[in-house]
Amino acid sequence: MKENRILIKSGRLLTEKGEQAADLLIEGEKISAIGSSVSVKGKVKEIDAGGRLVFPGIIDPHVHFELEAYNSFSSDDFLSGSRAAAAGGVTTFIDFAIPSEGQDMASRIREKCASAAKKSIVDFSFHSQITSWGPETPGDMKAAVKEGTASFKIFMPATEGWGLDDYGIYRALQTSAGLQSIIMVHAENGAVSDALAGELVKQGKTDISNFPDARPDIVEREAVSRACVLSDEAGAAVYICHLSGGKSASDLRKLRKEGRDILVETTPPYLILNSEKYKGPDACLYACSPPLRSEQDNYQLWRAVIENSVDTIGTDHCPFKREQKLSGGGSFGNTPMGLGGIENTLELMYTEGVVKRGLSPLHIMRLTSFNSAKIFGLYPEKGTLKEGSDADIVIFNPGKVRTIRARKMFSNCDWSPYEGFSAAGCVETTISRGEVVYSKSGIRAEKGRGIFLKRKAFELP
Ligand SMILES: [Zn+2]
């Protein structure tokens, strides 16, 4: 049931101009008024947000629902994944449309849209993926932008099956600049990681505790720096996905200080978890790409976040159930890579960022919503609390402590990387285009209510 009018009373609104104690009125799907005392005649549903933080709906720019991999699928589909999203305050997610061999990007986007539209309870969009470079690719990219997806993912390690060589990356960057779109890179050096993995296998060191040695710092650091050189020469902006290493973070900080258009995403696992996990009893569960790194890397990545050298928090939500993770027999080469977490972004970032490290809630708002809206062409409909914007809103209780438990979450996955984590606040209500989709009473949204968001040109945040 869609409420026509909702008045959110006395919240701490996180707006572009700053934190503002105010009321917020929703009419239909839009925010219609913000003010110190909004009065309304006639029927209106009131939500008391006293003492609560009010965020624009979280935008997760990096998720993989129904990803076909390792002879199976990631464990969340568009329904369970979007329900988990709603419970975590995420009102928009951007997944990936990876063309199959010989398929053009635009038709893959339409296929993915059709399956998401049947199931998703929140709004969604897709990044295209460039899996090879040929004379037809520039035209293909142009058609994809016309379809409403002004962003392209590139895998640098050719060995992941979708990788592009340096010539292809350079041409893609040039083409992207002309289309006012953005290239996102998975930055790892496949030649180095493959050779290192090969040496480990030869020595019989195949179990997961050896995984970090197969992809040490150099693997990410070299690829990040190459991506930055290629983008500079191509005159294009570049977006580094899921930054994991402290050394790469420090290189990027220097380049950004020079004013280069390099956008940086990191994910909660690289900020909060570390490679000690590969020594524990559930080591296999934590296989992800790049691997979890050291505590020192966590520290350096937080420093980058604090110094505004990270733009967005994505989750790279790509969970696999225990059984799927264990199907690899404990070897790093055969274990499905990926972690879930879309349901936890805000509570994790609030606890670790605001409570433990003194970041402002506004900073968290920019990392989890506003910056992604700008970079991925969703602004000003999404990513901001202002009159006329979509009424995508999260009411967050900063005083409510809760312990993260996989069995209480909406994701289909049967375990969580954050099991037992004590969060210092939690999402109470999620509103998507004027409709309460999540509240204390659970998920209330109809399957398939989410819509595909056609995105505009890339903009620097
Ligand atoms: Zn990913």
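Could you estimate the translational diffusion coefficient of segment 120-165 from the Stokes-Einstein equation, with Rh from the Kirkwood formula over C-alpha pairs, at 37 °C and 0.692 mPa s, in whole µm²/s?
Calculated translational D: 279 µm²/s.
Looking at this model, which pairs from LYS118/LYS153; LYS30/LYS254; LYS247/LYS356; LYS112/LYS456; LYS119/LYS374; LYS205/LYS277 are more than 29 angstrom apart at the alpha-carbon?
LYS30/LYS254
Within the set of other residues whose C-beta is less than 11 Å from the C-beta of VAL145, count the net charge using Lys and Arg as +1 and Asp and Glu as -1.
+3
When the Kirkwood radius is taken over all Cα pairs of segment 54-125, what Stokes-Einstein diffusion coefficient follows at 4 °C and 1.567 mPa s, in µm²/s?
102 µm²/s
So what is the accessible area of the chain per residue, in Å², with the probe set to 1.4 Å?
Counting only protein heavy atoms, the per-residue value for the chain is 38 Å².
By what distance, in whole Å, do the Cα atoms of segment 305-461 stretch along each of the three principal axes, largest value first?
Taking max minus min along each principal axis of the Cα atoms, segment 305-461 gives 53, 41, 37 Å.
For ILE109, ILE47, give the ranking by accessible area with the largest first, probe 1.4 Å.
Largest accessible area first, the list is ILE47, ILE109.
Using alpha carbon coordinates only, what is the Rg to Rh ratio of the chain, with Rh defined as the Kirkwood radius?
Computed over Cα atoms, the ratio is 0.96.
Sort all Cα-Cα distances of segment 1-149 into consecutive 5 angstrom bins from zero, then give the percent of pairs in each bin up to the one containing the longest distance.
Taking all Cα pairs of segment 1-149, the binned fractions are 2, 8, 14, 15, 14, 12, 11, 9, 7, 5, 2, 1, 0 percent.
For segment 403-461, report the % of Cα-Cα distances exceeding 20 Å.
Percent of Cα pairs beyond 20 Å in segment 403-461: 50.
Which of the GluC sites (Glu not before Pro) found in segment 13-71 are loop residues per DSSP with 12 or fewer other Cβ atoms within 10 Å of their Cβ?
Those that pass, being in a loop and sparsely packed, number zero.
Compute the relative contact order of the chain as a whole-number percentage, counting only Cα pairs closer than 8 Å that sit 6 or more residues apart in sequence.
23 percent
Quantify, in whole percent, the carbon and sulfur part of the accessible surface of segment 56-375 (1.4 Å probe; protein heavy atoms only).
Answer for segment 56-375 is 48 percent, counting heavy atoms of protein chains only.
Counting only the heavy atoms of the protein chains, how much of LYS247 is accessible to a 1.4 Å probe, in Å² to the nearest 10?
Using a 1.4 Å probe on the heavy atoms, I get roughly 100 Å².
Expressed as a whole number of Å, what is the distance separating the alpha-carbon centroids of segment 284-354 and segment 66-140?
20 Å
Any chance you could list the semi-axes, whole Å, largest first, of the equivalent ellipsoid that the Cα gyration tensor gives for segment 243-343, using √(5λ)?
Square roots of five times the eigenvalues give 28, 13, 11 Å.
Taking a 1.4 Å probe, which of ARG433, ARG52, ARG83 shows the most accessible area, and what order do the others take after it?
So, going from the largest accessible area down, we get ARG83, ARG52, ARG433.
Please give the length that would be gained between ASP207 and SER250 if that part of the chain were fully extended, namely 0.36 nm times their separation in residues minus their C-alpha to C-alpha distance (nm, one decimal).
12.4 nm
Amide H neighbours of ALA69 under 5 Å, counting only residues 5+ apart in sequence or on other chains, H built in-plane at 1.01 Å?
So ALA69 has HN proximity to SER74.
Can you give the direction-averaged projected area of the convex hull of the alpha-carbon atoms in segment 108-238, in nm²?
9.9 nm²
The values are calculated or read from the model by the stated rules, or taken from the named source; none is laboratory data. Quick caveat: nothing in here was measured; it's all calculated off a predicted structure. As a convention, Cβ positions derive from the backbone with ideal geometry for all residues, glycine included, and neighbour counts pool all protein chains shown. Accessible surface areas use protein heavy atoms only, side chains included; no ligands, DNA or RNA. Shrake-Rupley method; radii C 1.70, N 1.55, O 1.52, S 1.80 Å.
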